[in-house]
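Values in this text are rule-based calculations from the coordinates and carry no lab data. This structure is a prediction, so every number in the text was calculated from the model and none was measured. Here the Cβ positions follow ideal geometry from the backbone for every residue, glycine too, while neighbour counts run over all protein chains shown.
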Amino acid sequence: MNQVATVERVLNDAYAMIESASDADLTKQTPCDQWDVRALAEHMTGVVNNFGTAFGGGQLTPPSAPGAGTATGAELSAAYRQAVDALLATVRAPGALDKTIKLPFGEMPGGQALGIVIGDQSIHTWDMAKALGRPYTMDEGVASSVLEMMHRLIGANPQARGGGFAAEVPCAETAPVQERLLAFSGRQP
């Protein structure tokens, strides 16, 4: 899987979903307990901005908690597009995926860090779609890769449960990979 092409596709899908939200949609509740559509879009933008900074050599810090923002749908989609363009510019640079990226919970190769972006934005695009009442199906290869990565990361960092991820919900092992990924990340597929 070409990670740069994959992250570009995932971020473009996320952008399309954010751009599709009307101003009236911004207060709709998402599957993320404390976030409405506006707060989720702010979070997604913060994550992309942060990783763009990290790939550019800056210090990655946890995104700030989305507040009671007043941004319009157009402002949110423009901010997200700007963050996406900046991140893509940094990860397309020669050797970007081989760099060591410093994260709040440790260091890792750029390729692995980019996998976190792919997972975060894929799952949150589904959250956004759910809140907006729109269909969203992840690429099966992406969903499978993200599920494997999450098993490794949460296995090595169990305290991530209850912070970034809710408790896993029951799901049949024979369910489609997207459903298993969502269940593992604490969402009701």
Sticking with the crude label model, points 7 Å out along Cα→Cβ, report the distance from R9 to T174 in nm, one decimal please. 2.8
Within the set of other residues whose C-beta is less than 11 Å from the C-beta of V37, count the net charge using Lys and Arg as +1 and Asp and Glu as -1. -2
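If the viscosity is 1.567 mPa s and the temperature 4 °C, what Stokes-Einstein diffusion coefficient in µm²/s follows for the chain when Rh is the Kirkwood radius over Cα pairs?
Result for D is 78 µm²/s.
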Straight-line reach from K130: which aspartates and glutamates have a Cα under 16 Å away, not including same-chain ones fewer than 8 places off? D13, E19, D25, D33, D36, D120, E179
Fewest-first ordering of T30, T6 by Cβ atoms within 10 Å yields T6, T30
How large is the helix-only mean residue ellipticity at 222 nm for the chain, computed as the sum of -39500 (n - 2.57) over DSSP H runs with n ≥ 4, divided by its residue count, in deg cm²/dmol to the nearest 500? -18500 deg cm²/dmol
Points 7 angstrom from Cα along the Cβ direction at E148 and A86: gap in nanometres? 3.2
